[in-house]
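A quick write-up on the structure given underneath.
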Amino acid sequence: MAEKEKQHFVPVFYLKKFSLHSQEKRIGVFNISSSKFIESAKLCDQAYKKYFYGRDLKVENTFGRLETESSKIVNSMLRQQNIPIVHSRDHQMLLLFVITLLGRTKYTAKMIDDAVEKYKETVSSIDSNALLESERNIDLTLTDAVQESLERVVPYFPIVRDLHWKLIVNETEQPFITSDHPVVLYNQ
């Protein structure tokens, strides 16, 4: 396989936290579109697409560095059952990881692509000549949409810096679950 061909939109280190029996090699998967449950799937074959961030590997390599740092912080949090001190380097790094995780999934890329298509349809329905030639020919690739979505989530960073975090410890027999779009925006 070519170097870094498999580009995970949900980091492997994160998925390992949801692995079967803490093996870190296999994970349970429920495919919503087929309503099929796979009890034990290869973890490394989940939540990736070939060259999802592009063949130049710039975005992939940047995420690799961020994930290396973030995995150390997450592992420390789980070991110590404590979150990083607010505004510390670890806190900032973890916040950046969460924000970028929001913008790097297939779901977010599809939302961006759908929004561009909706914009083109809406403007064309009002005035078929209103779209500039360059706008008419906009066709985002998945990679373009991911990069666009990442540009849109970065401004969230200063907005969410002051949010209070909670670490939830699971003391039940029922394991936590995750998804291929693991960040949820919620504000009370």
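Miscellaneous remarks
- Qualifying residues in the stretch 108-134 (those that are of a type in the set (S, T, Y) and surrounded by fewer than 16 Cβ atoms within 10 Å (Cβ to Cβ)) - the one modelled with the lowest pLDDT: S134
- Any hit, the stretch 67-81, residues being β-branched (V, I, T), more than 19 Å from F176 (Cβ to Cβ) and modelled with pLDDT under 95: no
- Boolean, T122 is without any contact (Cβ under 8 Å) to a residue 12 or more places away in the chain, among the polar types (S, T, N, Q) and either part of a helix (DSSP H, G or I) or at positive phi (or both): yes
The values are calculated or read from the model by the stated rules, or taken from the named source; none is laboratory data. This structure is a prediction, so every number in the text was calculated from the model and none was measured. Cβ coordinates were reconstructed from backbone atoms using ideal geometry, including for glycine residues, and neighbour counts include every protein chain displayed.
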